[in-house]
Every structure is written in C-alpha cells, then in structure tokens.
Amino acid sequence: MSTVMEIREAIGRLSLEERAEITAELCGWADDDWDRQMQSDAQQGKFAAINRAGDASHASRQTRPLDEILREP
C-alpha cells in the first residue's frame with residue numbers, strides 16, 4: 001500500500017472537525033474571527049435548539065434532499 005493511499009484512508013476516518021483542521025493546514029487557511037466565534041458558539045451549545053428542530057423536521061419528513069432543491073429553476 002502506498003503512503004498516499006494510507007493517508008487517504010486515515011483522512012477518511014477523521015471527524016468533520018479534524019478534516020477541516022487538516023484541510024486548513026494543507027491549504028494554508030486560517031480561521032478568521034467569524035470562524036472562531038462560530039466554534040465558540042457551538043461549544044457553548046448555542047446551536048442545540050436549532051439542531052434539534054432540524055432533526056425533528058427531518059424525522060417527520062418535512063425536509064427535502066439538497067440535490068433536489070439545487071435542481072430547481
């Protein structure tokens with residue numbers, strides 16, 4: 001197995017946050033004030049209510065797949 005393949009497999013096992021971190025590192029992206037505020041808000045649970053509402057809407061089939069929405073004229 002090649003090193004590149006091993007790296008790809010390892011990246012596939014990362015959490016979304018870890019993937020964002022490695023992407024930022026490889027691409028030279030740095031978090032700006034907005035990113036830091038969003039991370040702080042998320043850690044404080046400020047998005048919990050909206051996440052629960054979204055989960056409930058999805059569970060009750062009140063949502064549509066994004067690809068369906070993007071195909072609309």
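Data overview
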item	result
Net charge over other residues, Cβ less than 10 angstrom from the Cβ of Q39 (K, R count +1; D, E count -1)	-3
Loop chymotrypsin sites (Phe, Trp or Tyr not before Pro), the range 3-73, which have at most 13 other Cβ atoms in a 10 Å radius of their Cβ (DSSP)	W29, F47
Gyration tensor (Cα) of the range 31-73, equivalent ellipsoid semi-axes in angstrom	27, 17, 5
Square roots of five times the Cα gyration tensor eigenvalues for the chain, Å	29, 21, 14
Expected 222 nm ellipticity per residue - DSSP helices of 4 or more, -39500 (n - 2.57), all of the chain, to 500	-20000 deg cm²/dmol
Sparsely packed trypsin sites (Lys or Arg not before Pro) within the chain, loop by DSSP, other Cβ within 10 Å at most 10	R13, R61, R71
Fully extended contour minus Cα-Cα distance, from S15 to D35, at 0.36 nm per residue	5.5 nm
Size of electric dipole in the chain: Cβ of Lys, Arg +1 and of Asp, Glu -1, about Cα centre, debye, nearest 20	440
Sparsely packed GluC sites (Glu not before Pro) within the chain, loop by DSSP, other Cβ within 10 Å at most 16	none
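Any read-out appearing in this document is the output of simple, stated calculations on the displayed coordinates, not a laboratory observation. All of these numbers come straight from a predicted model, not from anything done at the bench. All Cβ positions, even for glycine, are placed from backbone atoms using ideal geometry, and neighbour counts span all protein chains on display.
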